[in-house]
Amino acid sequence: MRDANEEKSGGYHGIFAKLSQLEIIDRLEGDLYDGQFADFWDRYNGNDLSDVGHLVRFLPKEGRVLDLASGSGRIGIGLARLGARVDGLELSSGMLGLARECLAAEPADVRERLRFFQGNMCEFTLEDRYDLVVLGTTSISLLLTADERRRLFECVRRHLNPGGKFVFNVVDFSGGRWKNFDHYHDVLSHEDKDGQEFVILGQRVFPDEMRFTLNVYREFVGWDGETRRSMSSSTKAWIEPEELRRHAAATGLAMVEEFHADDTHYFVTAAPGN
């Protein structure tokens, strides 16, 4: 069960619930993927290309790749570096701006192979059809309802070429593994020309609600003494694999492979061929 502090604090739990109630916080962000927090994932996770390594073998020899919930472009840029032609779809304006900044730092040939579009991954219509659609970093869990996830599969199915694949993943909570993610805490830091930042992360898993929630506290101290404190929270769905198999089957996608990498469960589906 959630504790009383969390219920009063908009999704914050434990010490984060108490911090959110103090007057020292300059900004409480409602979205961990936009606003002042848009750069958070890129700053502390932008160099992690482990999921790109698992996607390489599915890259088509020709045709385009669609990277859903593309964020700061971490996966899309990684695939474009390998020669793939990629379209990234992202809902957050802040993330899209960051992605375009990251892409601008790439060589010209990579920039030419990657395009970004703004849109919702369960309500999109694009002109192109794709040989591969990817949804990495367990981002499908951002869709909190089964109906949203059903609409995602329907959109993907409409955008796949015959024989095209849809590859996505979720956190593997099976067999009591969720306990490894509950009460998770970490401290991160970053230093640049403007000052130093430190971050406190905390995560809780709520099996009775099939949810898990990440809280983030950021404090920046400028070299001139300026201090800024902000907090945000992100709740994701705990999704059972069987539900995802049902959505795939209902939209005509065959489940052709499943595999595990560390704490992640990957699913590979395919549209009917010619």
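Summary of values
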{"item": "Tally of Lys pairs whose C-alpha atoms are under 27 Å apart, taken over the chain, 8 or more apart or cross-chain", "result": "8"}
{"item": "Taking only Cα atoms of the stretch 34-127, radius of gyration then Dmax in Å", "result": "12.6, 39"}
{"item": "Semi-axis lengths, Å, the stretch 191-230, gyration tensor of Cα atoms, sqrt of 5 times eigenvalues", "result": "32, 8, 5"}
{"item": "Whole-Å semi-axes of the chain's equivalent ellipsoid (Cα gyration tensor)", "result": "33, 24, 15"}
{"item": "Equivalent ellipsoid semi-axes, the stretch 157-214, via Cα gyration tensor eigenvalues times 5, rooted, Å", "result": "33, 24, 9"}
{"item": "Per residue accessible area of the chain, 1.4 Å probe, in Å²", "result": "48 Å²"}
{"item": "Overall form of the stretch 145-190 per C-alpha gyration tensor (a/c, 1.5; a/b vs b/c)", "result": "prolate"}
{"item": "GNM flexibility winner over the chain from Asp39, Asp192, Asp109 (Cα, springs under 10 Å)", "result": "Asp192"}
{"item": "Given 10 as the ceiling on other Cβ atoms within 10 Å, longest exposed-site-free region of the chain for trypsin sites (Lys or Arg not before Pro) in DSSP loops", "result": "62-192"}
{"item": "Loop GluC sites (Glu not before Pro), the stretch 48-137, which have at most 12 other Cβ atoms in a 10 Å radius of their Cβ (DSSP)", "result": "Glu62, Glu127"}
{"item": "Charged-residue dipole, Cβ positions (Lys, Arg, Asp, Glu), the chain about Cα centre, Debye nearest 20", "result": "800 debye"}
{"item": "Estimated distance in nm for a label pair at Met210 and Thr125, the labels positioned 7 Å out from Cα along Cα-to-Cβ", "result": "3.0 nm"}
{"item": "The stretch 139-274 - Debye-derived log10 I(q)/I(0), Cα point model, q = 0.10, 0.18 Å⁻¹", "result": "-0.48, -0.98"}
{"item": "Computed E for Lys179/Arg229 - FRET, C-beta separation, R0 30 angstrom, nearest 0.05", "result": "0.45"}
{"item": "GNM flexibility winner over the chain from His190, His54, His159 (Cα, springs under 10 Å)", "result": "His190"}
{"item": "Accessible area (Å², 1.4 Å probe, nearest 10) - Met95", "result": "10 Å²"}
{"item": "In the stretch 178-218, the chymotrypsin sites (Phe, Trp or Tyr not before Pro) that fall in loop regions by DSSP, at most 10 other Cβ within 10 Å", "result": "none"}
{"item": "Pairwise label distance in nanometres, Arg158 with Gln36, each label 7 Å out on the Cα-Cβ vector", "result": "3.9 nm"}
{"item": "For the stretch 36-76, diffusion coefficient by Stokes-Einstein and Kirkwood Rh (Cα), 25 °C, 0.890 mPa s, µm²/s", "result": "211 µm²/s"}
{"item": "MRE, 222 nm, helices only [DSSP H, n ≥ 4, -39500 (n - 2.57), over the chain, to nearest 500]", "result": "-7000 deg cm²/dmol"}
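The values are calculated or read from the model by the stated rules, or taken from the named source; none is laboratory data. Quantities reported herein were computed from a predicted structural model and do not represent experimental measurements. Note: ideal-geometry Cβ built from the backbone for every residue, glycine included; neighbour counts use all protein chains shown. Side chains included, ligands, DNA and RNA excluded: accessible areas come from the protein's heavy atoms. Shrake-Rupley method; radii C 1.70, N 1.55, O 1.52, S 1.80 Å.
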